[in-house]
Structures are given as structure tokens and as C-alpha cells.
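See structure below.
Taken together, the values in this text are just the output of simple stated rules run on the coordinates, not laboratory data. Computed from a predicted structure; not experimentally measured. Note: ideal-geometry Cβ built from the backbone for every residue, glycine included; neighbour counts use all protein chains shown.
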2 protein chains.
Amino acid sequence: MISPRVMRALAAPVLGHLDPDLLAMMDEMRDQLRRLFRAPEGSFAFAVSGTGTSGLEATVANLVQDGTRVLAIVTGYFGDRLAQVCERYGARVTRLEVEWGRACDPQRVREALARQGADIVCVVHAETSTGVRNPVEEIAAVAHDAGALILVDAVTSLGGHPLELEKWGIDAAYSCTQKCVGAPSGMAPVAFAPSALARRVKCRSFYLDLGLLEDYWVRRKYHHTISASLVYALHEALTAIDEEGLEARWARHERNHLVLTAGLEAMGLGLLPPVGERLWTLNAVRVPEGVDEATARKDLLTRFNMEVGAGLGPLAGKIWRVGIMGHSSSPQAILLFLGAIEGVLRLQGHRVPPGAGTAAAIAAIDG
Amino acid sequence: MISPRVMRALAAPVLGHLDPDLLAMMDEMRDQLRRLFRAPEGSFAFAVSGTGTSGLEATVANLVQDGTRVLAIVTGYFGDRLAQVCERYGARVTRLEVEWGRACDPQRVREALARQGADIVCVVHAETSTGVRNPVEEIAAVAHDAGALILVDAVTSLGGHPLELEKWGIDAAYSCTQKCVGAPSGMAPVAFAPSALARRVKCRSFYLDLGLLEDYWVRRKYHHTISASLVYALHEALTAIDEEGLEARWARHERNHLVLTAGLEAMGLGLLPPVGERLWTLNAVRVPEGVDEATARKDLLTRFNMEVGAGLGPLAGKIWRVGIMGHSSSPQAILLFLGAIEGVLRLQGHRVPPGAGTAAAIAAIDG
């Protein structure tokens, strides 16, 4: 769900894309995004006019060209996607494959880079397909030791998990608006640190060309007709983040993840990733033996108006992906989910200790 | 301005991008868009998740590759942009340059194709930078005679001017949502006729890959997280078009263009393009001698809350671009504009017959 204040902003009367009021809002948004990414002075943070996938492609299209050596860390569906897009842009990609459901050990990155150098290391911070958090800070250090840039997918982490472009030395990152940032989808926050700006390549795409996008965002030279509605919504969501405080927001996501986990455990439901590798924002819940996961998802949607994600690839049928992020990272959403999942499990004759999930969650909230 | 019904749709609660209700809306939208483009059976009509420029790039990226021979008809800023994007995708582009403010004579296209064949002819139907309508039907016939595909920019014509993909034999076209279609910006309607689908090339872009987009829109295979908010708004705008009737909508745009022109002429203001080459949707008004156009635009915005476009390129300082399209193609908007422009011209000491513009427009409405 999106907060009422952001929905109200979305529906404000549309301004022309060159209106001074809209341009001022875009200027402010660049600052807000730089703060959100914790990006260093001199970074270029803005939002691509497309979904998170367009943000992925924008970072790749401006840093990768024919022959660029990429080490792609693949811990799930979105790591694979990042590798694929690098290949489309001509990179020589080496894949470091990690078992789905586990994080990448930085030591493996060090070894891979020792065997074979790379110009760029790509990694997904929060792997939406498995619920796993990769140790990006450590991986960034390893990449820099080897003289490579590090490009980070922050789709399911930005605004929900600590992410520190400056402190961790991340060169470029992209995200989306509809997850932890709390706006509708349709724009893709991206940030290029000065180190990445200095190593940009000639971009084949016109729509995603960093130089043209800088001309547009910074020097106000026409490039495309940005969606005023989506700018209002994103600006309002970013303002709400500033008001909450980024660290308080991270803490809220962690706290609510622990509340959810307590409830799930009391119901006998486990998570796929081990403790320490789990996302706070996307919880990969193991489907219990004997339960039909698709029926359960359908029942959640039709009976309780709750959508959870299915497992992808090798995890199809094995997990539910439960997003607890942005405005929906709240005790209310968790209690509703725990009640609903108990209901749909009972429908399938699966035995659950009555009310145990809710009780454990309430105790965890108070604790 | 956008109609209240579309703004209400925009602000509806956000559904997940795989929600059955949203998928049903997308299916309906494909049919609506095919009707709007008047595209033949077997066409693939959908909306790219980006602005009109992403629609431009999506058509080019799937039809143009290294060595493709393109004849690009350049009658203004957007014709030039289309040629540029073809070059980025590796085409060998021949430009047919036409004086800004005039339409392209199909005979010149015939001659150019006789001198040198082409795989694709590109043309802008409604050149937003000059207010000129190109004779796309005739140009399409010439292109087909020479065995070339024809790719049409319909950004400022779709929903406002007659555009007939099937009848005119147009192979591919793209547009935007915020002009004559009447929704906020952020999506790009595109249509590929079967003839274009059959001649697609390997696409380097992941975000704009036609095959992946077909998998997503037709076979519901995940590709990106479409903006439910923008889908609601576009779907509602397309429903309003169906209700109005496409031909009635074209007639409304023509009628209101004539009302505006009558008012402007009575005030001594002329249009740049000659009669017969004028758009109904974007009116390029010549700035009278001695008037500072930028000041006038600023006064229109700050005093009357009306935005008009500036001249681009060789037309900078020489014209105002007055959009009368979608919900804003209305007698009310025209009367407001005529009163406002009279006011801002007077502020600069420019002599205008008092009330003459408004009087002539009212007479034209009644006539």
C-alpha cells in the first residue's frame, strides 16, 4: 500500500514539464535522492522515467560497452537479469553463481577477481527472488581492491536497508519507487558517484543516455516529457522519508521483520535464508509440506485482498515472497497477514496452533 | 488539463502488477489501443512504460540495426530526433530536410527513394516543433512502392487527427499519453502491424525488447513492474475516447482549431504553416513584430496560469506553440487563451482590436 499523502500528491493537477514549479521540485528531488543513496558530493542522483528495470538498463548502458569485463554475482533471478543486460550491451560477463537462498561470500569474489580481473563487479543488494541480502559493503571493498567499479541493484533495499554509497564506496546504484521508497511504480532512482561518472562509456540508447539526462535534469535542456504526476508522488514519498529519518526508517523495517518472523515461527513457518542473510523487506517463507502454494496465494488475494509473490525459477512452488516494505512495513500489515495466512492454511487442512502467530507477533511488538 | 475522470482513475488504490484485475485491464487496453491506431488484425498494440521518447526508441530498437538503410524525413525538431535515434541504432540514415514550417511533399520522397533505396522511411505525422501535419497517407504509399517499411511518429496526432494504420498501410507508430489521448505522461502507446512484426531485428535493449514485451503483455511473463496508476489513467482516457467516438473526437479537434484560428486572425495573429498543412492540435502562432515572446509566455503563465511552448531551433523567438488537445480542445480553453493573449500583448503596448479575438471565436463556435 501507498500512504494517503503520496496518493494525494499523485493526483494533484498536472503541470507542464517545463513549469518552474515542477523544475524546482526536480532540483529538490536530486538532493533528496542523493541523501537517500548516501551518495558522495558530486554524484548525479536522479530518476529515470521508467520502472526499476529501466534504471538497471540506464546504469549498464552508460558503464558497459563492447568488451567491458564484468563479474556478475548471481544469487537469484535479478542477479541473472543484471548479467543478461550487461551481455546485451556487449560485456564479457563472468558469472559467479551462488545457490539460490544464500548470500555471496566476499571471499569467493576475491578469488574470482584474482583468477580473472574485471572492469565492473555487479551485485544485487537485496535479491527479491530469494529474500537474501548480499554483503555489499564487503564486496565493494573487494572490487575496489581489484580496481573494478561496483554496480549495485538496490531495488528492494533503498529506503529499507542500510545502503551507503559514499561510505561503502559504491560507484553506481539503481532502484525503483514502489518498494521501500513508498511511491507508485514508474520511476527509477539511480545514482552515479563521481567515480562512475568519470568512467562512463558512449551510450547507444537515447532515452537512457546519461549525458542527455544530465543536460535535462541539471541544465534543463529538453529531453523527454517527465510525468509530473509521478514526480509529485516520488517527491512526496522522499519528503516523508526525510521526515521519518533514514536511520529510523531502516530500524522500522528491521523491527517489523523481526515481528513477522516471530509470528511465522510460532506458526511453524520458516524462512528460506539463514539468519544474518535475510532481508527485512522481502521475506521468503517456506511453503509447508502438503500445502498447495498457488491455491494459498489465490485465497490470500480473493479472501483477504493480500498479494504475495510466488517463487521464481528453482524456487517455484517452494516459497512465498512476502513484502513488508515502505508504508506497509507496519504492525497492522503483519497482523493482518498472519491472520490471513493462518486462515488459508486451515482451508487446506494444514494444522496451525490457533492464534499462535498473532500472539507471538504481538509479544514481539511489545518486546 | 486532464479530465476529472482520468485524474480520479489515476488516484485509485494501487494493485500489484500481476493482479488479475490489472492484467484484465491491460488486455482491454491492447484492444483499445489497436482501435485507436486503427491497426490491422494481428497487430501488437501496447504501451511502453516510459514517455513518448521511449516509444520512439522502442520502435527503432526493434526495427533498425547496423546497416539498416533509413530515409528520415526531417521537417522539424522531432524528425531530427527520430533520425538521431536511428543513427544510434546503427542505421545508415539519409535525411530529407524540409524547411521548418512546411510539410514534406511526397514527390520529394519518391525522388529520394528512386536515387537511393531504403529499408525504412521515418516521418513525423504531427511535427510538434512547427505545427505542421505531414501527408502520411501519401508518404506511406510512396514508401511501400519502394518496398520500404514506414515508421510514423504520432505523438501529437494520435487521438486528435485522423491516423489509419491499416488503411494507410503504416507499419509501426508510436505516441505519448499526455497530448491528444488525454492522460498524464509516463506511458507510450505503440503499434506494430504484422508487416513490422515480421521484420523485427535483434534488439539490444532489454527494457524495450519487443519479444520480451510480447511475452509480458500477451503471455504474462514477468518483465517489469508496470505502473498500475498510469495504467488506470490511460485505460480511463481510452475508455473516454471510445465513448466519444474516434471520428467525433477528430472532428472536435478540427472544429476547435478553426475557432482558435478565427480568433487569432481577428487579432492580427497568423500561424506559421499555410492552410492545409496546419495541425489542429498544436498551433504555431507567429510572434508579432516588436513583441518579446519570452515575456509574453511568462506573463501567460504567471498571470493566467496558461503554459504555451516556445519556438525551438530556427524558430526560437519567432513562434508560440499553443496546444489545444485532448480535454483542452474546448471552446472554454480557447476563449481563456484568447483573452489572456490579448492581455499579455497589451502589457507590452502591442495594439490589438479590443475583444475582437473573443468575438470572432464566439461567432466561429456558433457558426
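Structure summary
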item: Nonlocal amide H pairs with B:R69, under 5 Å, H built at 1.01 Å; result: B:R92, B:D119, B:I120
item: Across the identical copies, how the A:A141 labels are spaced - nm, sorted shortest first, 7 Å along Cα→Cβ; result: 7.3
item: Under the Karplus curve 6.51 cos²θ - 1.76 cosθ + 1.60, θ = phi - 60°, whole-Hz ³J(HN,Hα) for region B:165-180, x wherever Gly or Pro sits; result: 4, 5, 5, 8, x, 7, 8, 8, 8, 9, 8, 10, 9, 8, 9, 6
item: Selection from B:F206, B:V344, B:A45 lying farthest towards where the dipole of the protein assembly as shown points positive, charges on Cβ; result: B:F206
item: Total charge dipole magnitude, region A:38-92, about the Cα centre, Cβ charges on Lys, Arg, Asp, Glu only, Debye to nearest 20; result: 80
item: Amide H contacts of A:V287 (H built 1.01 Å from N, under 5 Å, at least 5 apart or other chain); result: A:I319, A:W320
item: Projected-area mean, the protein assembly as shown, by convex hull of Cα positions, square nanometres; result: 31.7
item: Residue-span extension gain [A:D105 to A:Q84] - 0.36 nm each, minus C-alpha spacing; result: 5.4 nm
item: Alpha carbon convex hull of chain B, volume per residue in cubic angstrom; result: 129
item: Label-to-label distance, nm, for residues given as A:E254 and A:R303 (7 Å Cα→Cβ offset); result: 3.6
item: Sorted by Cβ neighbour density within 10 Å, fewest at the top, the residues B:E293, B:E138, A:E127; result: B:E138, B:E293, A:E127
item: Three-way shape call for region A:56-169 based on the alpha-carbon gyration tensor, with the a/c threshold at 1.5; result: rounded
item: Inter-chain Cβ neighbour average for residues B:223-235, partner chain, 10 Å; result: 5
item: Debye log10 I(q)/I(0) for region B:141-212, one point scatterer per Cα, at q = 0.16, 0.24 Å⁻¹; result: -0.65, -1.13
item: For region A:11-36 versus region B:144-168, the gap between their alpha-carbon centres in whole angstrom; result: 35
item: Estimated translational D of region B:1-71 in µm²/s (Stokes, Kirkwood radius over Cα pairs; 10 °C; 1.306 mPa s); result: 106
item: Kyte-Doolittle mean at least 0.5 and Cα axial length at least 20 Å: DSSP H helices in chain B; result: B:331-347
item: Residue order, fewest to most surrounding Cβ atoms within 10 angstrom, among B:R133, B:R286; result: B:R286, B:R133
item: Descending Cα extents along the principal axes, region B:1-132, whole Å; result: 55, 33, 27
item: Inter-centroid distance (Cα atoms) of region B:105-129 relative to region B:171-221, Å; result: 23
item: Cβ charges +1 (Lys, Arg) and -1 (Asp, Glu), total dipole of region A:4-244, debye; result: 480
item: Kirkwood Rh (inverse of mean 1/r, distinct Cα pairs), region B:246-366, angstrom; result: 14.3
item: Approximate spin-label separation A:R115-A:Q332, in nm, with each point projected 7 Å along Cα-to-Cβ; result: 5.1
item: Spread of Cα-to-Cα distances over 5 Å intervals beginning at zero, given as percent, for region B:120-259; result: 2, 9, 16, 20, 20, 18, 11, 5, 1, 0
item: Rotationally averaged projected area of region A:66-123 (alpha carbon convex hull; nm²); result: 3.5
item: Over chain B: helical MRE at 222 nm, DSSP H runs n ≥ 4 each giving -39500 (n - 2.57), nearest 500; result: -13500 deg cm²/dmol
item: Estimated inter-spin distance, A:E137 and A:A198, nm [label 7 Å along Cα→Cβ]; result: 2.5
